[in-house]
Amino acid sequence: MVVLSTIYTRTGDDGSTGLGDFSRTSKNDPRLVAYADADEAGAALGLALTCAPDLPERLRPMLLRIQNDLFDVGADLSTPLVTQPAHPPLRVQQEWIDELETACDEFGADLPTLRSFVLAGGTQAAAYLHLARTVVRRAERACWAAIDAHGSESAEPDDERPGGVNPLTAKYLNRLSDALFVFARYANAQGPGDVLWQPGGGAEPQPALDVGCGRQGGHGKEARSPCQTRPSRRSRPRKQCRWAGRRPSETPDGGLRPGRPRAIRAVRTRSTSASRCSHRAPWRW
């Protein structure tokens, strides 16, 4: 029986935590990392169950069962293997793995054959299930790391070293990631379908955006794109005065059209016209 009357105990303030057999170990213990990842996988499934309105009802009881099983996986990982336990601990069984394989066959029976890998997306339910699948993959890798660190052998009562890790926990997580992949495809089959990976598809050059006139299709109401920013007043080219660079020239009737006298270029006096004409007020540049 589990009784949680006080949530904080302060017993882990020294960086250690208690295992299922009441022994103490470091919070950096690989087996602790493994069942923490299993706990995170259960939380990711909780998102799929509560935040995905398009989750198929056929998947709901299966996911609830798996979420409970993940807590059992954590209980198994937190209890080292021993030959003669005082109380039989909760252990992952081969039947759990067989049930996941059966679920994969049932939910994947009517799915089309894949010709490419898939991306996480499609329906909201499929996206959450793909997220849970990646967390389960991480939990499986953490399980194998714990097995490498502690082994998979049961400890004798007089052994000083802790017992090993049940390898069925890693096998269960492996099948669970496969099942979640099938479940995500099943959820997408009720909607737009799988989002397929296109090798190199994300590197294709995009068409250039024509912002020359700031109009769509060259007609209609002006629509400025987000990348088409209006230049600041300082960055705009200055307008030349109408007398800049003018010289006397011939008119169509053979006469001369007066131009701007050369002497005016050297005038440095401030005047109303000079303040408006950059050609006559070169210091303004």
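All of the numbers you see were taken from the coordinates with simple rules; none came from a lab. Note that the coordinates shown come from a computational prediction; the quantities given were computed from them, not determined experimentally. Positions of Cβ are generated from backbone atoms using ideal geometry, with glycine treated the same way; all protein chains shown enter the neighbour counts.
Packing-wise, with mean Cβ within 10 Å as the measure, how do 70-78, 160-168 rank, highest first?
Numbers: 70-78: 22.6, 160-168: 17.7.
The peptides rank, most packed first, as 70-78, 160-168.
What is the local net charge at T169, summed over the other residues whose Cβ is closer than 10 Å to its Cβ (Lys, Arg +1; Asp, Glu -1)?
With Lys, Arg at +1 and Asp, Glu at -1, the neighbours total 0.
Give the distance, in whole Å, between the Cα centre of segment 36-76 and the Cα centre of segment 81-112.
So the two Cα centres are separated by 15 Å.
What ranking, highest mean first, results for peptides 103-115, 134-146 when packing means the other Cβ atoms within 10 Å averaged over each residue? If you can, show how the numbers build up before the last one.
On the way: 103-115: 12.2, 134-146: 21.5.
Per-residue mean Cβ counts within 10 Å order the peptides as 134-146, 103-115.
Using Cα-Cα distances under 8 Å and only pairs 6 or more residues apart, what relative contact order does segment 16-200 have, in percent?
The normalised contact order for segment 16-200 reaches 31 percent.
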